[in-house]
1. Could you check how much of the accessible area of the chain is carbon and sulfur, as a whole percent, using a 1.4 Å probe?
2. Applying 1/(1 + (r/R0)^6) with R0 = 41 Å to the Cβ-Cβ distance of PHE133 and LYS25, what FRET efficiency is obtained, to the nearest 0.05?
3. Using the Cα gyration tensor of the range 1-40, with a ≥ b ≥ c the square roots of its eigenvalues, what is the shape: rounded (a/c below 1.5), prolate (a/b larger than b/c) or oblate (neither)?
4. Going through the range 2-98, which chymotrypsin sites (Phe, Trp or Tyr not before Pro) have at most 10 other Cβ atoms within 10 Å and a DSSP loop state?
5. Taking a probe of 1.4 Å, how large is the accessible area per residue of the range 51-171, in Å²?
6. Taking a probe of 1.4 angstrom, what is the accessible area of HIS117 in Å², to the nearest 10?
7. Can you give the angle from 0 to 90° between the axis of helix 167-183 and the longest principal axis of the chain, with both taken from C-alpha atoms, to the nearest 10?
8. Students often get this wrong, so check it: of LYS48/LYS155; LYS25/LYS62; LYS19/LYS109, which have C-alpha atoms separated by over 24 Å?
Amino acid sequence: DAHPNEESFNNALTQAYLKGAKESKAEIKTIIIRELQFNPNLAFGYQKISELEPDLVEAQEKIKWADHLVWVHPVWWGGLPAIAKGFIDRVFLPGFGFKFREKSIWWDKLLKGRTAHIITTLDTPIIFYWLAFGRPSVNQLKISTLEFCGIKPVKVTYVGPIKNSTEAIRSKMLLKIEALGRENK
């Protein structure tokens, strides 16, 4: 769950997915990014890696343990919330997510064998997000992070527009996400 607000609809979507996954008897470990204690700033870039806080070490262990990762996040200004970006910057490091090859432009993908699903909320109509903006948050998380590290396939479910949605519409959205959890997709 990559939304900084516990009272968000993203949290409700996360809980719906978890409910479905628990019903399917899936083994589950969660990472609620807003609850982690860490500095989201990659202070020295990759020139010097800052020591990971205990919560980030535990997050890496959970990611290595998992066969399937599910990311739930809102789209803000076309991208991920800052805390989600900081989490990615600090966790998906060289030696964990990937390893550059010596004297080469290529890299080894260290998280192969895992799949992922991105569940993202929008206030913009979904088709407009695709056509007008080119879905930047999905490109960043799916292609530039998860697939870069070897996680494939990565499915995407768009939920929205959330703005001005009714309780009935939100209830249908929650049922859809719960069903995805039951299917472990």
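The values are calculated or read from the model by the stated rules, or taken from the named source; none is laboratory data. Being a predicted model, the structure only gives us computed values, none of them experimental. No Cβ is skipped: glycine too gets one built from the backbone with ideal geometry, and neighbour counts run over all protein chains shown. Heads up: the accessible areas ignore ligands, DNA and RNA and are worked out on the full protein's heavy atoms, side chains in. Shrake-Rupley method; radii C 1.70, N 1.55, O 1.52, S 1.80 Å.
1. Ligands and nucleic acids excluded, carbon and sulfur give 54 percent.
2. Result of the calculation: an efficiency of 0.60.
3. Oblate shape, in that a/c is at least 1.5 and b/c is the bigger or equal ratio.
4. Sites meeting the loop and neighbour criteria: PHE44, TYR46, TRP77.
5. 53
6. Here the residue's solvent-accessible area equals roughly 10 Å².
7. 50
8. Check vs 24 Å cut-off fails for LYS48/LYS155; LYS19/LYS109.
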